[in-house]
Amino acid sequence: MEFPQIIPDAFVEVWPGEGPPEISVLMPIFHQTRYVRDAVLSILAQRGAVTEIIISDDGSTDDTFETAWRTVQDWLNARGSQHRILMRRGSERLWRDHQALLVDRASCDLVCYAHGDDVSHPGRARILVRVFNHRPEVTLLASEASSIDARGRNIGEERPVSRDIYLRHLSFEDILQYRSPFLIGFSQAWRRSSVASFPRLDRDFAAVSHDRILPFRAALTGKVALIRSQLIKRRLHPEAAHYLMFDEPDTSPKFGLSLNGLVARTAMKQDLALARSLEMVEERQYQDLLAEIDRLMGEAIETLLMTHRFQTRANRQIAWVDDETLRQLRWKRLREQAGQSQSLHVFIVSWTGRHDNSRSIAQTIKPHVDQITVVFSDRDDSMVPGFPCEAIRTPDAWYWGKKFRTCLTRMFHKPVTSPRNRRL
């Protein structure tokens, strides 16, 4: 079967589907080579509803897009599809604007996200369409989710999806105080028409917390509800996107979340003012919501000030840091803790699709350690040059896991000094 050529930065229809789609499934992908195949297969396997699947890569430099494209081709060659499929390969990173671009391209009024490292239940699209059709007052849906690790193993309880659908309606208070852990981007589905009056959710409007702003908009125009079924397996893994905004890992999450909360609630105040001007809400409700947002913003500002005061007394300096800077600071502290008399030998496990990341980490930590060894798993086809350190191959690398230190000690017959290890 011949497929159309993928043109950079263009949405290319690779499969027309059967009939008009009922819901658009948006899958933004970026540096997810290891997980994207399972994610793509899960949305291709949707049953009971015709969907429009839009897979868009945000300028990945690894094999993420190739893996997704190959997965789609193999599926279509084997069985075809009832779903309409579009693919896009970005030439540069759009960051937050990437999601807005996908929403603009969707042709359906009903839209949902499917992240490139999560796995959707095969009946997810069908259930979402069914609820929206039977509950016209509902403008945004989220669903419960189970958790899996990097290898796809369950973390915590996994419940089978029931044939009966149970909804829990979420109030403005639930939305403003972030009471539901599932009311965030990976599980959201909404009616585009219900939020069409509000500004485009790009970086010009709000740089962060888009997934907190959208439910608030939906609640201003209708009802927000949670489906009490685990329609998604959310993958928890070390490579998940996250940003810390303080130079001490133990305090940075609270600091960063407070700052993001301020950005989100500032945007909510703008949306609330627009909704009042369009007479979407009455004056009394407008004043009540405005007072609640101001109260929550005051608490967030107080948290920031307390954090600043505490860290200043401890002679710590608040700084804006990205992941690489944070990693350098961690290794610098580890070097100081180990002292000059103790040799610091670090081992990095690397496998196909993660070599660029492993090479970057090795280069970052090189000034702070005495020796680095990159261990290639037996799943690699060839050794990859360019590492600023020793590189070896062992068939055990893929299976070390929690026994990492024990295996290294037995392998090299000498003590190993290393931080708490995790797969990179």
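Read-outs: derived from the displayed coordinates by stated rules, not from any lab. Keep in mind the model is a prediction, meaning the values are calculated, not measured. Note that each Cβ is placed from the backbone with ideal geometry, even for glycine, and that neighbours are counted across all protein chains shown.
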Which peptide among 49-57, 284-292, 151-159 comes first, and what is the full order, when sorted by highest mean count of other Cβ atoms within 10 Å?
49-57, 284-292, 151-159
When Thr373, Thr67 are ranked with the fewest other C-beta atoms within 10 Å first, the list becomes Thr373, Thr67
Cα gyration tensor of segment 1-90 diagonalised, 5x eigenvalues square-rooted, in angstrom largest first, produces semi-axes 20, 14, 13
For Tyr113, Tyr35, Tyr166, Tyr178, what's the fewest-to-most ordering of other Cβ within 10 Å of each Cβ?
Tyr166, Tyr178, Tyr113, Tyr35
By count of other Cβ within 10 Å, fewest leading, how are Lys223, Lys233 ordered?
Lys223, Lys233
Find the eigenvalues of the gyration tensor of the Cα atoms of segment 97-146, then list the square roots of 5 times those eigenvalues as equivalent ellipsoid semi-axes, largest first, in whole angstrom.
19, 17, 9
What are the principal axis extents of the Cα atoms in segment 252-313, in Å, biggest first?
48, 16, 12
From zero up to wherever the largest Cα-Cα distance of segment 12-235 sits, split into 10 Å bins and tell me the percent of pairs in each.
8, 35, 39, 17, 1
